[in-house]
Amino acid sequence: MCRARHAFLTCVFLGVVAALEGAADARDPQGIAGTRETSTVEDRLRGARQARDAGRWVEAEAAYELALKAADAAWTTDAERAEIAAELGLCELALGMVRDAASHLAQGLRHRDALRSGLARRAEEGLKKAESRVVTFYLGVSPPDAEVLVDGKTLGRPAPTYELFLEPGHHTVRARLDGHTEVVGAFEGHAGKESSLSLKLPRAPERGEAGAAGVGPGRAAGPPAPAARPTAPAARALPLTELRIGGAALATAALAAGTVFLLRADVIDGNLAERDVVFRRQRGWTSSTCWWPNAPEACAEIRDDAAERALFATLGKVALATGAVFGIATAASFLAEGWILDEAPARGGVRVAPSATGTQAGLVLQGVW
């Protein structure tokens, strides 16, 4: 009788425990999944480090690549993913995979301050070696949500700018987006050199506009319209075309420069924010640490970065305001032409479009002059 009672109580206890665990799983499935994924990353890294220390580069490269993919899906920080990417790039460089090595080393060095000093130094040296054997390609795309293909392979998630590492030789870039005309560009890349390209997709014409010029289906064509008589271009009293080109060029250059300055300020601001999180977590800093009389040496670098961020932000705002002034003046010249010359503003002429990448800015002139 006692044995039966003891067995019954044991079953009841196990059932209660199982029910509580099931309820916990239902309440926080993401937390359990995240813990398992984090454990997977740690397991991959353990095996990758063992293979790297033993000189088994093929095994280490495969393990680091799996660890990086697992880290993207797990609850890991940018600093942790940067360390894995840097280690992966060094393994790929040892195997002669210079293009992949350059890409992963650059990914890791975007968060250089979070890397260990030894790893950061080896990653910088490795990136220099890889860049001397590949083409560093900067690409700007507008609109930024266009799909981009390089040599027929898609780049994945759309972005306004790309930094790519390609093999030397001829390359073709294609950008496409619904409602826009597809644009194709090409360039010749040389090892150890940088190349840049900017693609702007114009909007596709509406169906009504495309068919207005032709004859509709099933409709008989009428007699051909008489050819228009050529007219001599009217002489202009003022060199408005030259002034407009110059004004548009200045406005575009100022707007592009302002955009680059503001992007640089935003990058510095992101680095400062991430460094603040790291220092708070690892060193126990507070918001008033750098105001202490005996502030740590790292505070001087933080203050320098903050001053640099403020400088770039100010330059960006001034450049944008200057570009806006030149742009308004250029647009006003079209109205002034009608008032001074007593004629309608020209609808054709020259179009100026800005072109900017991660490191370069310029303009594109289209039209006849």
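The numbers here are math on the coordinates, done by the rules we state, and not lab data. Values in this document were obtained by computation on a predicted structure and should not be read as measured data. All Cβ positions, even for glycine, are placed from backbone atoms using ideal geometry, and neighbour counts span all protein chains on display.
Structural remarks
- The three principal axes of the Cα atoms in segment 55-161 give end-to-end lengths of 43, 35, 27 Å, sorted in falling order.
- Each residue in D113, D53 was given a count of other beta-carbon atoms within 10 angstrom of its own, and listing them fewest first yields D53, D113.
- Surrounding net charge for F261, when Lys and Arg each add one and Asp and Glu each subtract one, Cβ distance under 12 Å: +1
- Taking Lys and Arg as +1 and Asp and Glu as -1, the other residues whose beta-carbon sits under 11 Å from that of A175 total 0.
- Summing +1 for each Lys or Arg and -1 for each Asp or Glu among the other residues whose beta-carbon sits under 12 angstrom from that of G270 gives -3.
- Quarter of the Cα convex hull surface for segment 160-209, i.e. its orientation-mean projected area (nm²): 4.1
- Taking amide H atoms as placed 1.01 Å from N in the peptide plane, the amide H of H180 lies under 5 Å from those of A204, each 5 or more residues away in sequence or on another chain.
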